[in-house]
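Inspection log for the structure reproduced underneath, given as structure tokens.
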Amino acid sequence: MANNFFTILSFFYSLMLVIIYFRRKNIRSLETKTYSRIVIANFLNVIFAILCYFTILYKDNLSIINDFVSKTLLLFFITWELFFTFYIIVIINKDDTRVVQTLKKLKVLIGILYFALIATVYYLPLYYHNENKIVYSYGPSANLIYVLTGILIFIWIILIIKNIDILKSKKSIPVVLFIFLTVIVVIIQKQKPGLLLITATETFITIIMYFTIENPDMKLLKEMHEAKEISDNANEE
């Protein structure tokens with residue numbers, strides 16, 4: 001159970017974030033909509049990571065369920081990273097309308113590619129290690145996610161280089177942190193694959209993002225204050 005410590009801890013932080021974030025009133029900007037999906041994907045990721053630990057422990061009695069849970073966890077890993085990629089695109093483009101229009105044009109293609117990803121993840125075999133309560137999955141299905149993660153990180157780096165000014169913004173902090181931490185996590189998990197650090201890393205970054213996105217409440221108050229000042233000035237004139 002000690003190897004699952006970081007995941008269990010992540011559950012409480014992720015649950016707290018879900019409660020806090022979705023209870024507040026947010027301006028429905030493209031940034032906050034994307035972040036909402038990231039929060040949900042992370043929460044489901046954590047839940048399936050915990051379930052996966054127990055299904056692998058009892059995989060002899062839960063063979064089909066274990067396979068489904070383990071591969072769904074892999075799918076949530078990459079889903080979170082895809083939403084994270086879209087978030088990067090959003091923060092480097094000030095024109096939300098252009099991003100939305102581009103997304104609409106690519107909607108069918110994105111849907112086909114994501115469906116192909118789902119089919120491939122569930123089709124490829126996945127193997128399981130379970131000794132001395134140290135459990136983890138490995139194999140072609142997991143390797144696919146690692147390869148895709150490497151490709152996405154490469155894309156993130158290219159996006160940052162092409163939009164180097166984004167590094168002046170606090171919004172770039174989660175991106176740089178995730179790239180840095182992912183490299184460290186991969187090295188550690190090569191030595192101790194049972195630690196399940198990927199879920200904890202994504203949870204940590206999701207929480208950091210909460211403090212870097214524009215405060216919708218403060219933005220709304222500022223806009224209301226500016227509108228009031230304009231109205232007052234017009235009345236005085």
- Query: If you count, for each residue, the other Cβ atoms within 10 Å and average over each peptide, how do 182-189, 163-170 line up from highest to lowest?
  - Reply: 182-189, 163-170
- Message: Using only the alpha-carbon atoms, how far is helix 5-23 inclined from the longest principal axis of the chain? Give it as 0 to 90 degrees, nearest 10.
- Response: 30
- Write down the Å³ per residue value for the convex hull defined by the alpha carbon atoms of region 1-151. 123
- Item | Simple spin-label estimate for TYR138 and LYS104 in nanometres, 7 Å along Cα-Cβ | 4.8
- Item | Computed Kirkwood radius, in angstrom, where 1/r is averaged over Cα pairs of region 75-126 | 12.4
- Message: Give the average over all directions of the projected area of the C-alpha convex hull of region 3-66, one decimal, in nm².
- Response: 5.3
- Item | Furthest towards positive pole of dipole, TYR128, LEU177, THR55, structure part the chain, Cβ charges | TYR128
- Message: Output the 0 to 90 degree angle, nearest 10, between the alpha-carbon long axis of helix 216-236 and the longest principal axis computed from the alpha carbons of the chain.
- Response: 10
- Starting from the Cα-Cα distance between ILE20 and TYR114, subtract it from 0.36 nm times their residue separation and give me the gain in nm to one decimal. 30.8 nm
- Task: With a Förster radius of 35 Å, plug the Cβ-Cβ distance of THR212 and ASN61 into 1/(1 + (r/R0)^6) and report the FRET value to the nearest 0.05.
- Result: 0.20
- Within the chain, helix-based [θ] at 222 nm, where runs of 4 or more DSSP H residues each add -39,500 (n - 2.57), nearest 500: -26500 deg cm²/dmol
- Mean Cβ-within-10 Å packing, highest first, puts peptides 204-213, 64-73 in the order 64-73, 204-213
- Kirkwood hydrodynamic radius of region 83-175 from all distinct Cα pairs, in Å? 15.9
- Message: How far apart, in nanometres, would the label points at ILE188 and ASP165 be if each is projected 7 angstrom from Cα along the Cα-to-Cβ direction?
- Response: 3.6
- Query: Quick one: helix 197-210 against the long Cα principal axis of the chain, what's the angle to the nearest 10°, folded into 0 to 90?
  - Reply: 10
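FYI, it's all coordinate maths here, none of it is from the lab. Small disclaimer: the values here were computed from a predicted structure and weren't measured. For neighbour counting, all protein chains shown are included, and Cβ atoms are generated from backbone atoms with ideal geometry for every residue, glycine included.
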